[in-house]
Amino acid sequence: MEATFKVKTIEESGQAYREYIAEHVANIAKAWVLVEKQLTGISWLDEFTMSLIDNRVKTHDASKLSCEEREGYRRNFSPCEQDAEHGWTPEGVQKGFDLAWLHHKNRNDHHPEFWILNGRPLEMSFPAMFEMLLDWTAMSLKFKDTPGKFWEKKRYWLPLHEETKKVVDRWIQVFDEAIR
């Protein structure tokens, strides 16, 4: 059976991929606005911490448009007829995606995999953990779910340090409330 593609050209595929990234980044910004409203009265979240988070929101997943990641992600999430015509096999696409993901998780500390050292999870920094929760919230906005439901499904296989899990447990409700 031949593969079917939503688009024919690499240009169309690239445009669809850029639109996907733009939507995700917009959802990160929307999640931040919604969560920020929930933070009124939390005195230890000072202006500096809020500024750090704000900067992370503005640069979230920028590496997905880099040379090292763009094509691996594009071919995986938005394949096109031209890719197949140029000899891209499913195995080659998977290998390209695996390399793009390796690059992404090793350069973006909002992914738990960034915090693995010698096979053991390290405790995530608060800004990285907060961005991770914003990422979950953005995906929840897209898929009409909640970050808490994602956490319930994934908590036992995500490679998170026990202390990070405790912090997520304390914060997850804030993110759920933000999108209700």
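Data for the structure
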quantity: Dipole in debye (nearest 20) - the chain, about Cα centre, beta carbon charges: Lys, Arg +1; Asp, Glu -1; calculated: 380 debye
quantity: Surrounding net charge for I10, when Lys and Arg each add one and Asp and Glu each subtract one, Cβ distance under 11 Å; calculated: -3
quantity: Nearest-20 debye value, the range 21-113 charge dipole, Cβ charges on Lys, Arg, Asp, Glu; calculated: 180 debye
quantity: Residues of the range 116-141 with amide N under 15 Å of the 7 Å Cα→Cβ point at K153; calculated: 136-141
quantity: Taking F48, F150 and counting other C-beta atoms within 10 Å, the order from fewest to most; calculated: F48, F150
quantity: Segments 153-160, 166-173 sorted - mean Cβ within 10 Å per residue, highest first; calculated: 166-173, 153-160
quantity: Helical mean residue ellipticity (222 nm; -39500 (n - 2.57) per DSSP H run of 4+; nearest 500) of the chain; calculated: -21000 deg cm²/dmol
quantity: Cα gyration tensor category, rounded, prolate or oblate, for the chain with a/c compared to 1.5; calculated: prolate
quantity: Positive-end residue of V93, F130, A22, charge dipole of the chain with Cβ unit charges; calculated: F130
quantity: Over the chain, relative contact order from alpha-carbon pairs under 8 Å, at least 6 apart, %; calculated: 28 percent
quantity: When each of K37/K166; K6/K153; K58/K165; K105/K149; K8/K30; K64/K149 is checked by Cα-Cα distance, pairs over 28 Å; calculated: K6/K153; K8/K30
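Every number here is computed from the coordinates shown, using simple stated rules; none is lab data. Predicted model, so just to flag it, every value in this text is computed and none were measured. As a convention, Cβ positions derive from the backbone with ideal geometry for all residues, glycine included, and neighbour counts pool all protein chains shown.
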